[in-house]
Amino acid sequence: MKPWGVLIVGLILGLAAGLLYTWVISPPEYYDTYPPLLDKPYRTDWIEMTVLAYGAEGNWSRTQLRLQGLSEAEIRPIAAAALDQAVAAGRPLVILQRMAKLAAFYGIDTPAVHIYTGADSTVPTPAPTPTAQTIPPTSAPTPTAIPPTNTPFPAPTLTVATPISPALSEFHIVSQTLTCTTTPHIAVSLVLSHTITVRRREEVEWLPLPGREVWLLWEDGADRAVTGFNPEMGPGYADFTVAPGQVYKLYIDVPRGAPLSTIQVEPCTAEEGEGWISRLLVFLTQED
Amino acid sequence: MKRLLWFIVGIALGIGLALLIGWQWLPVQRADSSPALLRRDYQEEYLRLIAAAYRVDGDLARAQQRLAELPPNSLVNVTERWIAQGKSDAILIPLAQLARDLGVSTPAMQPYLQRGTP
């Protein structure tokens, strides 16, 4: 073998031995690392804590910084599990909503995300329906949600609810969105959880409920609104301007018995600035 | 003899090159470090996260377990330093509450504990 051949063989052997040493036997020990270089259990912990912290703080940009460099595929299951655990533990609604918002941002599509982002409800327009034969969106607060038609629907089979139905269960809050505004208001969006059967498969869609009375009662007064008089906000929407500091009891249909919610109009926190907390409450009812 | 010399020179060059590659140019990046090896600002962020997560889940044992991964007394040291720096209540209240629940609150933390009481 020629001398340069021997040199190259030596070089290759030396390189192999050296790389074995530097990459496998004695890799550099890092300090001053950053979260993506944490060991997997710590990374999981970091992500889970970030999701919980976003629930507590609501600081979007900081959350994005905290998750920078971590893969979405890794974030997704951890965020979904954290939200499910928080729901199961009955954490405050505002925390669940934020966690759901974060989960939705990472493309998580679970029932908890749907409910707490209000994906089907905070923008109270009817969800896209499977075929053209399903319920068209109505913008006026008319008492019927579907226009009369002589053409029978062959398939899919629809169970159509009229806005005032004797067979509806009690309303319950599914989401609450708080905003800081100079003039506080309480807004309500009423939604019906409605099951349709499409080719023998049951699907749930949320429909806004127009024409329903919403009552606010306070110590020495009352106010009433009917859903659907603000079409650009959706047929199930109604709102009230309220007074700072006042405590309100909210009823739907009849202002009797236990209120669905008791709301005090509170000032915004120092972080949010000057103003008062306004709320958008989404109430869901189901067909019995 | 000459060939052996060339061989040794080759090996020496190879090893030298490998050290440069393996430790300097392309060091292997293993994701296996612990929170204690995080850069200081990330360690402080880790601390904030522990306190914020504790505020939501109320799991003191877990918070304690997480704190154990950081250098000793991190919670008190960082909280007191941040109090001195005048950081916001939103940052300090959860830290002070966690410290109190771990039985290590200090006089400097008292105002934040009072402010954090609903």
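The values are calculated or read from the model by the stated rules, or taken from the named source; none is laboratory data. All of these numbers come straight from a predicted model, not from anything done at the bench. Because the Cβ atoms are built from the backbone with ideal geometry, glycine has one as well, and the counts that use them run over all protein chains shown.
Before moving on, here are some points about what is shown:
- Per-region count, the stretch A:193-214, residues touching an Asp or Glu at 6+ places or on another chain (Cβ under 7 Å) and either in a strand (DSSP E or B) or outside the structural domain of A:S261 (by TED's automatic domain parsing) (or both): 5
- Of the criteria (1) crowded, with 22+ Cβ neighbours inside 10 Å; (2) at the interface with chain B (Cβ under 10 Å from one of its Cβ atoms), which one A:L83 fails: (2)
- Of everything in the stretch A:179-212 that is at pLDDT 85 or above and out of contact with any Leu (no Cβ under 8 Å at 6 or more places or on another chain), the residue that is surrounded by the most Cβ atoms within 10 Å (Cβ to Cβ) is A:P184.
- Of all residues in the stretch A:53-69 being within 8 Å of chain B (Cβ to nearest Cβ) and more than 14 Å from A:L83 (Cβ to Cβ), the one that is modelled with the highest pLDDT: A:R66
- Failed condition for A:Y42, given (1) among the aromatic types (F, W, Y); (2) more than 9 Å from every other protein chain (Cβ to nearest Cβ); (3) crowded, with 19+ Cβ neighbours inside 10 Å: (2)
- Selection count where residues are closer than 23 Å to A:I12 by Cα and surrounded by 14 or more Cβ atoms within 10 Å (Cβ to Cβ), scope the stretch B:13-44: 11
- Given (1) closer than 20 Å to A:I115 by Cβ; (2) at the interface with chain B (Cβ under 8 Å from one of its Cβ atoms); (3) part of a helix (DSSP H, G or I), index of the condition A:R91 fails: (3)
- Residue match in the stretch A:11-33 (condition: in contact with a Lys or Arg (Cβ under 6 Å, 6 or more places away or on another chain) and either small (G, A, S) or surrounded by fewer than 20 Cβ atoms within 10 Å (Cβ to Cβ) (or both)): yes
- Selected residue (only one of B:A90, B:A51 is within 20 Å of B:P35 (Cα to Cα) and not β-branched (V, I, T)): B:A51
- Exclusive hit being exposed (fewer than 15 other Cβ atoms within 10 Å of the Cβ), among the aliphatic types (A, V, I, L, M) and without any contact (Cβ under 8 Å) to a residue 12 or more places away in the chain, set A:A258, A:A243, A:A222: A:A258
- The requirement of being over 19 Å from the mean Cα position of the chain (by Cα) and either within 7 Å of chain B (Cβ to nearest Cβ) or in contact (Cβ under 8 Å) with a residue 24 or more places away in the chain (or both) is not satisfied by A:T50.
- If you go through the stretch A:244-279 and keep only what is in a loop (DSSP other than H, G, I, E, B), more than 30 Å from B:S88 (Cβ to Cβ) and not acidic (D, E), you end up with A:V254, A:P255, A:R256, A:G257, A:A258, A:P259, A:L260.
- Candidate set from the stretch A:1-35 (those that are assigned to a loop (DSSP other than H, G, I, E, B) and under 17 Å from B:G16 (Cβ atoms)); member that is farthest from the other protein chains (Cβ to nearest Cβ): A:S26
- Matching helices (runs of 4 or more DSSP H) fully within the stretch B:1-79 where at least 3 residues are within 7 Å of chain A (Cβ to nearest Cβ): B:2-19, B:40-57
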